[in-house]
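See below for the structure under consideration.
The values are calculated or read from the model by the stated rules, or taken from the named source; none is laboratory data. This structure is a prediction, so every number in the text was calculated from the model and none was measured. FYI the Cβ positions are ideal-geometry reconstructions off the backbone, even for glycines, and counts take in every protein chain you see.
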Amino acid sequence: MRISRREVLGCAALGLLTGPAGAQEAPRCLDQILARRRMIRKFRSDPVSDDVVRRIVRAAMRAPSAGHTQPWNYVVVRDAAIRRRLGRAALGQMFIAEAPVVIVPCADRARSRSRYGDEGDRYAVIDTAFSSLLLLLAVVEEGLGACFVGAFYEEQVSKILDLPEPVRPLAVVPVGVPAEKPGRLALRPLESVLHFGRW
């Protein structure tokens, strides 16, 4: 794919160039990463290394958070039996168990409560959601696929992962090499969602 000089300069200005300086590979910008992101529900059995998982989580940790409380935590699950239990707890979405690794972003409400009291519960969830989106984009940057699964029995997932009381699971995210290539879904027209000044 050919990238224009303007796009290269734009990527460099945003700090979104990838690979070593002078690499012949086309740079990947945020817009290109967004365009490649899909919810993947079929995975190959190829392993995902701990180094890759660390890079993904490190990127997710760059999300903003209220008062810089950074309430997110990530439980990484490789054990096949536990992945199956998570699939059953996610309303029987057993494609979760097919991925070689599952990452569960969790909101540690105690971190936010320590600064904001009861309102901190909401901030912890919002901040962990921000972080989860960055996690999904980092997965794409690694050439992998993922699915943000938000439909699950929270108490079951908490029990499976032995989460302490103030920690709440936000999603179950299977990660791996895609075994499918979903089509691109149409976005709503910009004019239908953009409001200036008032609704």
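Scanning the range 127-138 for residues that are of a type in the set (A, V, I, L, M) and without any contact (Cβ under 8 Å) to a residue 60 or more places away in the chain yields one hit, Ala129. More than 13 Å from the chain's Cα centre (by Cα), over 21 Å from Ala124 (Cβ atoms) and modelled with pLDDT of 95 or more: is that true of Arg78 in this structure? So Arg78 fits the description; yes.
Looking across Leu136, Leu194, Leu190, Leu161, one residue alone is farther than 26 Å from Gly67 by Cα and touching a strand residue (DSSP E or B) at 6+ places or on another chain (Cβ under 9 Å). It is Leu161.
Of the residues making up the range 133-181, just one is in a loop (DSSP other than H, G, I, E, B) and among the basic types (Lys, Arg), namely Lys181. Residue count for the range 117-133 under the criterion of being under 13 Å from Pro166 (Cα atoms) and in contact with a strand residue (DSSP E or B) (Cβ under 7 Å, 6 or more places away or on another chain): the result is 2.
Name the helices (runs of 4 or more DSSP H) wholly within the range 21-126 that hold at least 1 residues that are surrounded by fewer than 18 Cβ atoms within 10 Å (Cβ to Cβ), in contact (Cβ under 8 Å) with a residue 24 or more places away in the chain and in contact with an Asp or Glu (Cβ under 9 Å, 6 or more places away or on another chain)?
30-36, 50-60, 109-116
Residues in the range 139-153: is at least one touching an Asp or Glu at 6+ places or on another chain (Cβ under 8 Å), surrounded by fewer than 21 Cβ atoms within 10 Å (Cβ to Cβ) and touching a residue at least 12 places away in the same chain (Cβ under 8 Å)? Checking the range 139-153: not a single residue is touching an Asp or Glu at 6+ places or on another chain (Cβ under 8 Å), surrounded by fewer than 21 Cβ atoms within 10 Å (Cβ to Cβ) and touching a residue at least 12 places away in the same chain (Cβ under 8 Å).
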